[in-house]
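K.L.:
One structure, as structure tokens, below. Some questions next.
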Amino acid sequence: MPDLQWCDVEELFDPDMMGSLPDVYVQEASVEDWQAVFDLIRSQGWAWEYCEGDRKQELPAAAEVLSRPDDAECVTLRVWPVPNVRMIFRPWPGEIDFDVDLRELQGQAGVDILCDFLCAIGRRLGKPVLMCSEFDSFSSRFPVLGFDPAADRVVLMADRL
């Protein structure tokens, strides 16, 4: 049985309500956590693209990515766990942060893809992986759903908006 049913989360997948690119994050992430995510991406065989500025490159070690100077070009890691569904990571120290595009995650199939992805990361790290509205500020996030390590699945974390 799926972690979440479309009929229960349809509002949370509405780009007008949540923003088309809600934030997904893991708090208190170490360099080792980032490396575990990089290793997971490679081991799952997901398509990916790592860029520093506009230059595509091989994915370096997390320690190298996270030790770049503050004035270095922006780093993005795009991951496609399935064709036409992209997750956009922006590596920085202290937190794993990425965006999902809700326009690519409609219907039960989209819910299942997101849940599978959050579960894969959460299980690898043993930590919650939380999603909040694109409109939440960095300092006041209100997760609406996420991977709960104790439940070993994705759960709703807030009443409907």
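K.L.:
Summing -39500 (n - 2.57) over the DSSP H runs of n ≥ 4 in the chain and dividing by its residue number, what mean residue ellipticity at 222 nm do you reach, to the nearest 500 deg cm²/dmol?
P.N.:
The helix contribution divided over the chain gives -8000 deg cm²/dmol.
K.L.:
Whole number please: convex hull volume per residue, Cα atoms of the chain, in Å³.
P.N.:
Value for the chain: 119 Å³ per residue.
K.L.:
Hey, with R₀ at 35 Å, roughly what FRET efficiency would ASP71 and VAL155 work out to, going by the Cβ-Cβ distance, to 0.05?
P.N.:
The computed FRET efficiency comes out at 0.30.
K.L.:
Listed highest first by mean packing, meaning other Cβ atoms within 10 Å per residue, what order do 9-21, 105-117 come in?
P.N.:
Highest to lowest by the protection proxy: 105-117, 9-21.
K.L.:
Report the dimensions of the range 36-118 along its three principal axes from the alpha-carbon atoms, largest first, rounded to Å.
P.N.:
That gives 42, 24, 24 Å along the principal axes, largest extent first.
K.L.:
Work out, in µm²/s and without decimals, the Stokes-Einstein translational diffusion coefficient of the range 81-132 at 37 °C, 0.692 mPa s, Rh from Kirkwood over C-alpha pairs.
P.N.:
Roughly 277 µm²/s, to the nearest whole number.
K.L.:
Quick check: convex hull of the Cα atoms in the range 1-79, volume per residue, rounded to a whole Å³?
P.N.:
About 159 Å³ per residue, rounded to a whole number.
K.L.:
At 1.4 Å probe radius, can you tell me the per residue accessible area of the chain in Å²?
P.N.:
I get 50 Å² per residue for the chain.
K.L.:
Ok, one more. Springs between alpha-carbon atoms under 10 Å, Gaussian network over the chain: tell me which of GLY45, GLY94, GLY126 tops the mean-square fluctuations.
P.N.:
Comparing GLY45, GLY94, GLY126 in the GNM, the peak value goes to GLY45.
The values are calculated or read from the model by the stated rules, or taken from the named source; none is laboratory data. Treat the numbers as computed from the prediction; the structure is a model and nothing was measured. A quick note on method: Cβ atoms are made from the backbone with ideal geometry, for glycine too, and the neighbour counts reach across all protein chains shown. The accessibility values were calculated without ligands, DNA or RNA, using every heavy atom of the protein model including side chains. Shrake-Rupley method; radii C 1.70, N 1.55, O 1.52, S 1.80 Å.
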